[in-house]
1. Hey, any hits in the stretch 23-41 for a residue that's part of a helix (DSSP H, G or I), out of contact with any His (no Cβ under 8 Å at 6 or more places or on another chain), at pLDDT below 90 and buried (at least 16 other Cβ atoms within 10 Å of the Cβ)?
2. Take Val160 and decide whether it is at negative phi, touching a helix residue (DSSP H, G or I) at 6+ places or on another chain (Cβ under 8 Å) and surrounded by 19 or more Cβ atoms within 10 Å (Cβ to Cβ).
3. Among the strands (runs of 3 or more DSSP E) lying completely within the stretch 117-187, list those that include at least 2 residues that are more than 19 Å from Gly104 (Cα to Cα) and under 22 Å from the mean Cα position of the chain (by Cα).
4. Considering only residues that are of a type in the set (S, T, N, Q) and in contact with a strand residue (DSSP E or B) (Cβ under 7 Å, 6 or more places away or on another chain), which ones fall in the stretch 114-170?
5. Check the stretch 81-103 and report whether any residue there is at pLDDT 70 or above and exposed (fewer than 11 other Cβ atoms within 10 Å of the Cβ).
6. Test Lys65 against the criterion of being part of a helix (DSSP H, G or I), modelled with pLDDT of 90 or more and over 24 Å from Asp12 (Cβ atoms), and give yes or no.
Amino acid sequence: MRDLLNHADTIDHDTLVEGIFAPDALDKLNRLQSDHPGAYVIIREACQAQKIPIGKLESAMAGRKKAVEHLQAEEAAKRRRQQFYAVPGGIDLPLAPGCATPTGYSVQAGKTVKVDPEKGQIVIAPAGLAMLERYRDIDTGKTQVQVGAWFDGAKRWHTVDVPRQTIASTSQIVGLADYDFPVSSLN
């Protein structure tokens, strides 16, 4: 960063601005600002001397800091996720091996049916429904499940992650309707 500013008189202004607004430069400035505020002030003054818009620079620094924090939070959430199982190749119907369907039920593209020995197939939902993944959040210890619906003509599962208690409770499972799942108190 200092080298860039020290050679500012040999670099055209647009190249200088592009270099200072680059993601790695913004990361360095954010670290400098938090770890060495005095050194950051010197860099800031050098930027002002080179007519670099400080308001825009600090706004870009804040935006970059927020983006980095978001990525770090996503990575931490992935590390907390202790996976119990996942349906291998979970986006293809028929269901992949290892994904069990309860006895008497069938999951197909565009429908979930109950097979009644007397009445035949009874459509209970206008989409293939399945529990695609079960995992535990290592920090909270709570089990979550990823449920999926495969609508007729779809190219992939429509999914949502919910607490396991949601699918274990007949009164709570209808809450999946908020996520466009074809569930109701009737099925």
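1. no
2. Values: at negative phi: yes; touching a helix residue (DSSP H, G or I) at 6+ places or on another chain (Cβ under 8 Å): yes; surrounded by 19 or more Cβ atoms within 10 Å (Cβ to Cβ): no.
It is false that Val160 is at negative phi, touching a helix residue (DSSP H, G or I) at 6+ places or on another chain (Cβ under 8 Å) and surrounded by 19 or more Cβ atoms within 10 Å (Cβ to Cβ).
3. So the answer is 128-137, 143-150, 158-163.
4. Of the stretch 114-170, the ones of a type in the set (S, T, N, Q) are 121, 140, 143-144, 146, 159, 165-166, 169-170.
Selection gives Gln121, Thr143, Gln144, Gln146, Thr159.
5. Yes, there is a match, as at least one residue in the stretch 81-103 is at pLDDT 70 or above and exposed (fewer than 11 other Cβ atoms within 10 Å of the Cβ).
6. Working: part of a helix (DSSP H, G or I): yes; modelled with pLDDT of 90 or more: yes; over 24 Å from Asp12 (Cβ atoms): yes.
Taking the combined requirement at face value, the residue satisfies it.
The values are calculated or read from the model by the stated rules, or taken from the named source; none is laboratory data. This one's a predicted model, so the numbers in the text were calculated from it and none came from an experiment. For neighbour counting, all protein chains shown are included, and Cβ atoms are generated from backbone atoms with ideal geometry for every residue, glycine included.
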